[in-house]
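Report on one structure; see the data block that follows.
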């Protein structure tokens with residue numbers, strides 16, 4: 001039942017998204033507000049809390065999330081103490097996933113953060129996003145689908161730790177040089193997934209159906225908060241695989257090939 | 001040899017007349033088996049080599065049934081790069097591609113194929129042409145900056161005021177090898193102020209058989225070609241001319257390459273205004289606007305599966321629009337020529353690959369390159385006394401190159417950072433000199449400086465596969481101009497029965513452009529050995545010579561020998577690739593009245609001046625083949641029927657030339673029969 005509801009939500013969201021897009025043809029002055037999709041809303045005694053994402057559906061891997069906080073009169077709050085916590089409740093246990101705590105962004109008027117979903121919503125396993133505003137907590141159910149290509153790599157490292165490498169999906173890829181960004185986390189326990197900085201990532205793109213790569217790639221380097229930024233070169237459209245070799249600061253190879261797949 | 005050389009007293013008048021054609025001119029006094037004067041314009045193709053005081057007059061209607069390639073490869077200094085039985089690529093003394101300029105009737109055209117499958121000589125047929133003009137130096141007949149001269153295919157135009165209102169030609173040919181057929185026709189309608197002519201060719205061939213019965217798969221071709229020309233005289237000395245040429249090839253095999261061609265189409269149109277005043281210093285003023293569009297598609301669907309790891313489509317287009325305006329003056333002892341030219345060319349080539357069980361892949365291989373060129377040419381020919389002729393010339397080109405689509409720019413962001421636009425000012429200058437020593441001896445020489453901007457492919461190629469060295473090539477937007485200083489010196493001895501003309505040449509290049517292995521780049525083409533990028537090497541040297549001789553031991557007997565050799569070295573002393581070794585064509589003709597017989601040998605020496613490691617070239621063995629032919633003219637009323645039979649490669653030798661890609665054997669024994677009727 002919940003699944004059907006979620007699908008309907010997605011369908012409605014898609015419709016509004018596309019219709020918004022078609023209306024957006026008129027050039028509008030002012031600040032750019034990228035279209036965001038509402039995932040759900042809930043109310044506490046004092047606040048109306050709405051959760052947004054860049055796309056109508058969340059996917060396994062890295063997703064940016066936005067929280068809008070309004071008081072009872074509908075006025076947008078920018079000073080509340082807001083936090084999120086993703087949680088999956090399974091029949092026997094529950095666990096979280098790597099996430100980035102929200103902070104207020106004046107440009108959009110939203111509290112923005114992110115979550116790296118390590119698995120999709122399944123029959124009895126549902127994701128929800130707990131949002132706490134000034135101590136008042138709500139839980140907004142969210143549906144996480146599987147992204148068509150492998151944009152997250154979860155694998156056991158040489159030190160017997162499980163690492164999570166996730167791609168930040170850009171709005172669009174283009175032929176030629178693209179900015180590319182990843183996050184790296186490790187699993188400490190079911191609720192703790194610390195972000196890892198100062199690793200060395202060696203990135204090698206390949207087209208698996210042809211076996212060739214591309215020149216002039218810049219391997220991602222640590223930019224803090226578990227993020228790594230580099231440049232990837234797609235010489236053509238099609239299937240690409242980004243091979244990522246991850247080493248720690250001492251040079252020990254943790255992951256031989258945490259690969260990410262791209263199709264555009 | 002012009003009559004001028006025979007007899008100094010009459011020098012001025014014939015030279016004057018001949019210079020109006022702007023080409024040094026010489027006609028062999030030999031009798032032509034089938035040159036019929038009244039239909040001269042319909043049945044002849046001449047070629048002229050600039051700066052060389054002779055012209056060979058291959059004026060047989062059966063030659064019109066041959067391909068342009070076969071005509072070209074008989075010219076001394078011209079060697080063809082062969083990738084199949086169709087569309088061979090001309091080289092001049094070992095210089096090719098962007099180092100030489102190829103034009104059709106002064107119009108710039110650029111092949112649309114990234115694998116050099118469609119040199120523009122493949123879009124013009126002998127039946128369309130009036131003359132092939134050749135220049136080996138940057139300041140020859142060619143009106144564009146180059147380092148090595150070029151070729152112009154001058155189109156046949158409709159002639160007004162011909163005695164016969166209707167005249168024409170039909171012909172058919174059959175060759176046993178490849179079961180090739182050629183059908184040609186030409187028709188002209190001529191009135192005093194208006195004339196229109198049309199000519200057409202239809203050719204088809206199956207797979208040819210190399211020597212010793214080896215069938216070469218994927219060597220078939222099919223093509224047709226149509227030329228139209230209309231002339232209207234506004235006044236006796238002012239004419240409007242419209243020319244249109246359409247050439248379409250289908251299902252063309254390229255056995256030396258990994259792909260064939262499903263179609264190669266060219267549409268070439270122009271309109272000209274020509275003013276030829278009399279009694280003025282201005283002799284002619286011609287202005288032309290033109291447009292051409294070439295559409296080319298490579299195809300691998302006919303190849304067996306083991307040859308096609310991934311099916312792909314590789315279409316390409318090339319379009320050029322341009323204009324030129326050239327004027328010629330003659331005063332006292334000066335013959336002056338000036339020209340303004342401008343053109344813009346757009347090249348697009350793409351590739352879509354269809355892997356099994358995966359998404360299709362798309363890329364640009366020539367990422368939408370636009371090139372605009374403005375040029376000025378100035379040339380003077382000065383007659384100093386009776387003995388000296390000096391021809392200084394100057395060409396200045398302004399060349400702008402850029403990428404005209406966003407996708408093209410994004411594609412090249414893979415290779416380059418910064419602006420992709422290029423602007424070059426390119427200049428050529430030269431001096432030709434001829435000295436008549438006495439009635440029999442003449443010296444001629446030239447010294448010139450040539451330059452060219454790097455070609456669209458050299459600047460912006462995006463993983464273009466070169467079958468010769470098995471490397472993928474990428475462009476280099478920072479290439480400098482390639483320049484050459486070249487000199488040649490020749491002499492000519494001429495008497496009644498004997499003509500000997502040796503010539504030596506040397507080109508010293510700076511910033512010579514070659515492909516150099518680029519480490520750390522993975523190949524795009526499955527099975528390629530690596531990636532090369534075009535780079536400037538500091539210098540290169542090309543030298544060699546040609547010897548042309550004719551002898552008429554008795555009347556009706558004629559012996560001709562054409563010999564050439566080139567040697568090319570890069571700055572490190574490595575032999576340059578695609579340089580023809582010594583080649584000799586020797587021919588004996590016997591022409592009693594209406595008959596004509598000939599026998600000839602074509603020899604090439606082995607080429608072991610190669611650099612396999614640097615340029616991926618392999619050594620070639622030498623060969624000699626023999627051809628014989630016989631023809632006869634029948635006069636039927638006012639019409640002439642020419643019947644001609646020939647056997648090429650009579651010993652069925654397995655052979656290839658050094659410039660043949662993959663060294664596939666050329667056709668074995670081939671019996672050809674040609675019929676043509678001129679009316």
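The values are calculated or read from the model by the stated rules, or taken from the named source; none is laboratory data. No experiment lies behind these values; they were computed from the predicted model shown. Cβ sites come from the backbone with ideal geometry, for glycine too, and all protein chains shown count toward neighbours.
So here's what we get for this one:
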read-out: Qualifying residue in segment A:212-225 (condition: within 14 Å of chain B (Cβ to nearest Cβ) and touching a residue at least 24 places away in the same chain (Cβ under 8 Å)); value: yes
read-out: Among the candidates B:352, B:365, residue that is in contact (Cβ under 8 Å) with a residue 60 or more places away in the chain and either within 14 Å of chain A (Cβ to nearest Cβ) or crowded, with 18+ Cβ neighbours inside 10 Å (or both); value: B:365
read-out: Residues located in segment B:549-576, provided they are over 29 Å from the mean Cα position of the chain (by Cα) and either crowded, with 18+ Cβ neighbours inside 10 Å or closer than 17 Å to residue B:78 by Cβ (or both); value: B:552
read-out: Residue match in segment B:296-304 (condition: over 30 Å from residue B:355 (Cα atoms) and modelled with pLDDT of 95 or more); value: no
read-out: Flag if residue B:664 is surrounded by fewer than 20 Cβ atoms within 10 Å (Cβ to Cβ), farther than 18 Å from residue B:176 by Cβ and within 24 Å of the chain's Cα centre (by Cα); value: yes
read-out: Failed item in (1) at pLDDT below 95; (2) not in a strand (DSSP E or B), with residue B:589 passing the rest; value: (2)
read-out: Selection from segment B:474-525 of residues that are assigned to a strand (DSSP E or B) and within 14 Å of chain A (Cβ to nearest Cβ); value: B:474, B:517, B:518
read-out: Residue B:383 being at pLDDT 95 or above, away from chain A (no Cβ under 14 Å) and surrounded by fewer than 21 Cβ atoms within 10 Å (Cβ to Cβ); value: no
read-out: Pairs, first more than 9 Å from chain B (Cβ to nearest Cβ) and over 15 Å from residue A:230 (Cα atoms) in segment A:174-188, second in a strand (DSSP E or B) and modelled with pLDDT of 95 or more, C-beta under 6 Å, six or more apart; value: A:185/A:164; A:185/A:195; A:186/A:163; A:187/A:162
read-out: Residue tally, condition within 17 Å of residue B:221 (Cα to Cα) and surrounded by fewer than 20 Cβ atoms within 10 Å (Cβ to Cβ), over segment B:180-199; value: 2
read-out: Residues being touching a helix residue (DSSP H, G or I) at 6+ places or on another chain (Cβ under 6 Å), in a loop (DSSP other than H, G, I, E, B) and closer than 29 Å to residue B:430 by Cβ - total across segment B:142-172; value: 2
read-out: Qualifying position, being surrounded by 21 or more Cβ atoms within 10 Å (Cβ to Cβ) and either in contact with a helix residue (DSSP H, G or I) (Cβ under 8 Å, 6 or more places away or on another chain) or closer than 30 Å to residue A:238 by Cα (or both), among B:414, B:419; value: B:414
read-out: Subset of segment B:101-132 (residues that are within 9 Å of the chain's Cα centre (by Cα) and either part of a loop (DSSP other than H, G, I, E, B) or modelled with pLDDT under 90 (or both)); value: B:119, B:132
read-out: Residues of segment A:56-104 that turn out to be in contact with a helix residue (DSSP H, G or I) (Cβ under 8 Å, 6 or more places away or on another chain) and free of Cβ contacts under 8 Å to residues at least 60 places away in the same chain, as a count; value: 1
read-out: Residue B:532, sole failed condition from (1) more than 14 Å from chain A (Cβ to nearest Cβ); (2) within 30 Å of residue B:298 (Cα to Cα); (3) surrounded by 21 or more Cβ atoms within 10 Å (Cβ to Cβ); value: (1)
